[in-house]
Structure formats: structure tokens, C-alpha cells
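One structure is given below, encoded as C-alpha cells.
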Amino acid sequence: MRAPSLFFLTVLLLHISIQCNAADSQLGSEKVTNLHFYLHDTLSGKDPTAVPVARAENAVPKPDNPVPFSTIYVVDDLLTEGPQRESKVVGNAQGMYISTTKKGLSLVLGIDFELTDGPYKGSSFVVYSRNPVMQGNGRELAIVGGRGLFRMARGFALLQTVYLDNVNGDAIIEYNVTLLHH
């Protein structure tokens, strides 16, 4: 009785192996892409790129705490080649972030980063990760997916704060991104 079950197991494993190889050949080989850009997150002025849409009743922005705990922001931030706002626009970051700590500044981001210029135009990757802003430079965020040329992306982004206004929350963040994708 063992021979048929061993035979069945062998056939099943062979079938799974063939299916996995077929999926790999349809996607192509895995590639590594490195990207560098600056994100401009503007909470102030007449045309903000990050807008609060919900917060607890007692969560009021104050100097030194412009993004109070429990606040949810919807964002449509610009991505540029350089840190200056006038730099060439290379994409946008759309999604939301939530202030998730009672002390300091820590955000959970769910954002789609779409490139609108260059060889990856129309492709995007998705970050869903905690951003402990107060931990300084070298913060690492998880990349959990992508579309277009970044299909099935995974990887990480290293962040460095170039500018942060602690009164109004405006920020310029440098992103160094490493993507593994098909």
C-alpha cells in the first residue's frame, strides 16, 4: 500500500515543480533596481499635499507636535530629482499615513509611489511600513508590492530627513530605494 502513496507524492511534487517553473518563465527573471528621489510633504499653506481627514477629538496640532497621535492624513506628494521644490518632478506618492505614537513622531504609511518620468514611467511600488521619524536618518521602510515594471516588487527604502518644520509639519525626505521585481 505504501508504493501507490509514494508514487502519488512523487507525481504531485513533480507537478508542483513544473507549475512553479512555468510561473517563473512567464514573469521573467528577477531584477534589482535602485532609485533615488526626494519626497515633498506639505501640510501648510494654500495648497497642501497632505491633508488631515480624521483625528481624535483631543488631537490638536501644536508647535513641536504638528502631527498629533491618531491623526490620519491623505497625501498626494511630489517626488523630485533634487531636494529643491523646483527640481524636476519624477513622480508622486499617493496614499495615507497615520500618526501612531503618543510621544514623538512615528507614522504608519500606506503609500503608492508612482514614477511619471524616465524609463520606469507609469510603474509604481507600494510602501506599507512604520516610519519612526524621531529615530533620525537611515530609517528603513518595507516595500510590499508594485505594478508595471515593478510587478511583484519587494525591497526597502532608506530615508533621510532633509528638512522638517516642527511647527507646521512640512518635510522634505530623501529616499534611497532598492527594489527586487520581475
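With θ taken as phi - 60° and the Karplus curve 6.51 cos²θ - 1.76 cosθ + 1.60 applied, the whole-hertz 3J(HN,Hα) list for region 94-108 is 10, x, 8, 9, 10, 6, 10, 10, 7, 10, x, 9, 9, 10, 9 Hz, x standing for glycine and proline. Using only Cα atoms, find the angle between the long axis of helix 2-27 and the longest principal axis of the chain, and express it within 0 to 90 degrees, rounded to the nearest 10. Relative to the chain, helix 2-27 is tipped by roughly 50 degrees. Label-to-label distance, Val108 versus Asn168, with points set 7 angstrom from Cα along the beta-carbon direction: 3.0 nm.
The phi-based Karplus calculation (6.51 cos²θ - 1.76 cosθ + 1.60; θ = phi - 60°) puts the 3J(HN,Hα) values of region 61-77 at x, 9, x, 6, 8, x, 10, x, 3, 5, 7, 10, 10, 9, 10, 9, 8 Hz, whole numbers, x for Gly and Pro.
In the full protein context, the chain carries 59 Å² of accessible surface per residue, based on a 1.4 Å probe and ignoring ligands, DNA and RNA. Around the amide H of Arg151, modelled in the peptide plane, lie the amide H atoms of His182, all under 5 Å away and 5 or more residues distant in sequence or on another chain.
Dipole check for the chain: with +1 at the C-beta of Lys and Arg, -1 at the C-beta of Asp and Glu, and the Cα centre as origin, the magnitude is about 620 Debye. Using a probe radius of 1.4 angstrom, the carbon and sulfur fraction of the accessible surface of region 102-182 is 54%.
Given a cut-off of 30 Å, name the pairs among Lys62/Lys121; Lys46/Lys102; Lys46/Lys88 whose C-alpha atoms lie farther apart than that in the structure shown.
Working: Lys62/Lys121 39 Å; Lys46/Lys102 28 Å; Lys46/Lys88 22 Å.
Lys62/Lys121, as the Cα separations exceed 30 Å there.
When Lys46, Lys103 are compared by accessible area at a 1.4 angstrom probe, the order from most to least is Lys46, Lys103. For region 53-58, 3J(HN,Hα) computed residue by residue from phi via the Karplus equation (6.51, -1.76, 1.60; θ = phi - 60°) reads 10, 7, 6, 5, 4, 8 Hz, glycine and proline entered as x.
Under a 5 Å amide H cut-off, with hydrogens placed 1.01 Å from N, Thr101 pairs with Ser70, Ser106 among residues at least 5 apart or on other chains.
By accessible area of protein heavy atoms, probe 1.4 Å, what ranking do His36, His182 get, highest first? Could the numbers behind the result be given before it?
Working: His36 85, His182 40 Å².
Of His36, His182, the descending order of accessible area is His36, His182.
For region 30-181, dividing the convex hull volume of the Cα atoms by the residue count gives 99 Å³ per residue.
The values are calculated or read from the model by the stated rules, or taken from the named source; none is laboratory data. Remember, predicted model here, so these are calculated numbers, not experimental data. No Cβ is skipped: glycine too gets one built from the backbone with ideal geometry, and neighbour counts run over all protein chains shown. The protein model used for the area step is the full one, side chains on, heavy atoms only, and it has no ligands, DNA or RNA in it. Shrake-Rupley method; radii C 1.70, N 1.55, O 1.52, S 1.80 Å.
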